[in-house]
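**Q** Submitted below is the structure of interest, expressed as structure tokens.
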Amino acid sequence: EMQHVDQWFRYLTEAEKTATMYTLLQHSTQVQARFFINLLQQMVKRDPLYSLLTP
């Protein structure tokens, strides 16, 4: 089923993806939200622009 969700998500517009993620986060537990925060922080640190955006 996750493969189906992944394929569906790939075809959404950027705005639809953003709205979907927002909705999912609204229904997430604190543990799930913290997991997502940690994941985003790791992704930001791997971004080549990270070093340019941090003091």
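**Q** Would you mind listing the helices (runs of 4 or more DSSP H) fully within the chain where at least 1 residues are in contact with a Leu (Cβ under 9 Å, 6 or more places away or on another chain)?
**A** Answer list for the chain: 14-26, 30-46.
**Q** Can you list residue pairs whose Cβ atoms sit under 6 Å apart, with the first residue in region 24-53 being surrounded by fewer than 10 Cβ atoms within 10 Å (Cβ to Cβ) and of a type outside the set (F, W, Y) and the second being modelled with pLDDT under 95 and outside any helix (DSSP H, G or I)? Count only pairs 6 or more apart in sequence or on different chains.
**A** none
The values are calculated or read from the model by the stated rules, or taken from the named source; none is laboratory data. Quick caveat, the model's predicted, so the values are computed rather than measured. Cβ atoms come from the backbone with ideal geometry, glycine included; neighbour counts cover every protein chain shown.
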